[in-house]
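Here the structure comes first, spelled out in C-alpha cells, and everything after it is commentary.
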Amino acid sequence: MFYVSKVSPALFAFALLNLFLSLILKPIDKQLFLITLTFGFVGTTLLGAMYQIVPNSQNRRLPLPPISYILSAIHFTSFILFYFGVFKIASGLLLFSWGAFFLHIFLGIKNWMPVTVKFLGVSAFYLFLASLFLFLNLSFGLVPFQLAIHSLTVGAMLNAVYGVELAWIPMLLMDTLNVKKAKTLFWLKQVSTLFLLISFYLLEYKAIALASFLELGVSLYFLYLIYSLFKNRRTPAPIPYVVKIFLIAFPFLPLGLLMGGFLASHPELIGKALNLHIDLLVYGFTAFTVFGGMSHLLPRIVWNWKIAPSKMSSLISINELVEEKAFPKFLELSLLAFTTYLYLDFSFYPLNILSSLPYIFIVGFFVRLTFFQILKKLKEVKNESQKV
C-alpha cells in the first residue's frame, strides 16, 4: 500500500455511527433521518474510501495530507449542527468541506486512464453537487430536496461502487476485466444519471420513472459484467469473504431501482412504499457493500499505519485484524436480520417501530468483527512491544 490515509478510519467509524443514528431518527424526523442516512452514512463512507483509494490508484501521496484532517473536522462539525437542527449553517459547512474535498482529490489525480479513476472522479464531483443542492434547498428552497438525495445516492454512491468493484472483484478473484465493456458502462452511467437528476430537478414524475428504468438497465449491465467474471473464472480458489458480501448486496440494487421507478410512475403510493425503496437501496445494497469495502480497507490501513512500522509486523498479519472466520456466520445472521427488518418495517404500527432492532444487531455485529477486533489486536501489539 503506497499511501495510508490516517483520517479514513475515523470517517468510517463516523459513517457507521450515522447509520446507527438513522435507525433512531427514522420514526422521529424524516428530513434529518434522510440527511443522516445518505449524507452522514453514505457520503462519509465515500470520503473515507476515496481518501485511501484515489492516491493509491495514482501511486502518489495525497497533496498536502493535513488538509484532509481540517476538512474532516469541518465535516464532523457540520453534522453536529445537523443533529441540533441548525440546518442552514450545517449545510453551508458541509458544502465548503465537500467542495474543498473535491478539489483536494481532483488535484491529486494525474492519470485519468483507468476506468475506476474515472468513476471515482465523477463520484467526487457528485458529492460536491449533492452538498450544493442540499445547501440550496435548506437555505433558499431553490431546488427539490430529492435532487440532493439522489445526487448523492445515484450519482456519487453508484459511480463509486461501480468503479471500485470493477477493480476489486477481478483482483480478488485473480481474473481480468473486459476494459472496453467497463468503459461502455461508465458512459452509459453518466447519461442515465444526468437524465435522472434533470428529471428530479423538474420533479416530473413520468420522466423520473423513465430515468429510473434506464438506471435499472445500467445496473443490470454492471451486474452482467460481474457475472462474466464468474462465468469465465479459471482459478479454483475459494471466493474471498469480501466478494461474498458484495454478492449478497447485488440483488437489492435492481430491486431498489425497480421500486423507485414504480413509485415515480405511481406517485400516490410514495407515502406508503417509500421506505421499501430506501430499505432496498441504502440499508440493503449500499450498507452491505460498505460492510464489504470497510472490512477490506480498514485492516490494511491500520496494519500499514500502526503495525508495519513496528517490530511486531512479523507477529501479526493483516487478516488477523478482522475476524474472517466469523464472516460466514455474520452473512447468515445478517440476511436473517435484514429479512426481519424488511418485514417489520413494512408492517403496521406498532410493529414497524421495532424494525430498527434487527438492523442494530447487524451494525453491532459488523463493528465487533472489524473495529473491536482491530482495537483488541492493537492492544496485544502494544503489550508485546512493551515486553520487548
Between Ile353 and Phe145, what length in nm is gained on full extension when 0.36 nm per residue of separation is reduced by their alpha carbon distance?
72.4 nm
Taking 8 Å as the Cα distance limit and 6 or more residues as the minimum spacing, I'd like the relative contact order of the chain as a percentage.
13 percent
Over segment 217-310, relative contact order from alpha-carbon pairs under 8 Å, at least 6 apart, %
33 percent
Report, to one decimal in Å, the Kirkwood hydrodynamic radius for segment 190-337 based on all distinct Cα pairs.
17.9 Å
Considering only the other residues whose Cβ falls under 11 Å of the Cβ of Lys118, what net charge follows from Lys and Arg at +1 and Asp and Glu at -1?
+2
Separation of the Trp305 and Leu188 label points, Cα + 7 Å toward Cβ, nm
3.7 nm
The chain: percent of C-alpha pairs farther apart than 26 Å?
52 percent
May I ask for the angle, rounded to the nearest 10°, between helix 8-25 and the longest principal axis of the chain, with both axes built from Cα atoms and the value confined to 0 to 90°?
40 degrees
So the angle from the long Cα axis of helix 87-107 to the longest Cα principal axis of the chain, reported in degrees to the nearest 10, equals 50 degrees
Could you give the distance between the Cα centres of segment 2-18 and segment 299-342, to the whole Å?
15 Å
Evaluate the distance, in nm, between pseudo-label points positioned 7 Å from the Cα of Ser317 and of Leu247 along their respective Cα→Cβ axes.
2.1 nm
Mean separation of Cα contacts under 8 Å, 6 or more apart, over the residue count of segment 181-254: relative contact order %
32 percent
For the chain, dividing by residue count, accessible area per residue (probe 1.4 Å) in Å² works out to 43 Å²
Expected max-MSF residue from Lys206, Lys244, Lys272 in the GNM of the chain (alpha carbon, under 10 Å) is Lys272
In whole Hz and in residue order, list the ³J(HN,Hα) couplings for segment 2-7 that follow from phi through the Karplus curve 6.51 cos²θ - 1.76 cosθ + 1.60, θ = phi - 60°; x for Gly and Pro.
6, 10, 10, 8, 6, 8
Suppose the chain between Leu335 and Tyr69 were pulled fully straight at 0.36 nm per residue; how much longer would it get relative to their current alpha carbon spacing?
92.2 nm
Taking all protein chains in place and a 1.4 Å probe, what share, in percent, of the accessible surface of the chain do carbon and sulfur account for?
70 percent
Quick one: angle between helix 327-345 and the longest Cα principal axis of the chain, in degrees between 0 and 90, rounded to 10, please.
20 degrees
Give me the distance in nm between label points sitting 7 Å out from Cα along the Cα-to-Cβ direction at Ile270 and Tyr221, one decimal.
2.8 nm
Excluding residues fewer than 8 places away in the same chain, name every one of the lysines whose C-alpha is closer than 24 Å to that of Lys376.
Lys6, Lys306, Lys311, Lys325, Lys329, Lys387
Rank Leu64, Leu194, Leu120 by mean-square fluctuation in a GNM of the chain with C-alpha springs under 10 angstrom and give only the top-ranked residue.
Leu64
Identify the residues of segment 155-187 with backbone N under 13 Å of a label point that sits 7 angstrom from the Cα of Lys231 along the Cα-to-Cβ direction, or state none.
178
Return an integer: the convex hull volume of the alpha-carbon atoms of segment 254-315, in Å³ per residue.
85 Å³
So what's the net charge close to Leu297: Lys and Arg +1, Asp and Glu -1, counting the other residues with Cβ under 15 Å from its Cβ?
+1
Once you sort the root eigenvalues of the Cα gyration tensor of segment 2-78 as a ≥ b ≥ c, which label holds: rounded (a/c under 1.5), prolate (a/b larger than b/c) or oblate (the other case)?
prolate
What order do Trp98, Trp168, Trp305 take when sorted by accessible area (1.4 Å probe), most exposed first?
Trp305, Trp168, Trp98
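The values are calculated or read from the model by the stated rules, or taken from the named source; none is laboratory data. Because the structure is predicted, anything quoted here is derived from the model rather than measured. Positions of Cβ are backbone-derived with ideal geometry, glycine not excepted, and every protein chain shown enters the neighbour counts. These area figures cover heavy atoms from the full protein model, side chains too; ligands, DNA and RNA do not enter into them. Shrake-Rupley method; radii C 1.70, N 1.55, O 1.52, S 1.80 Å.
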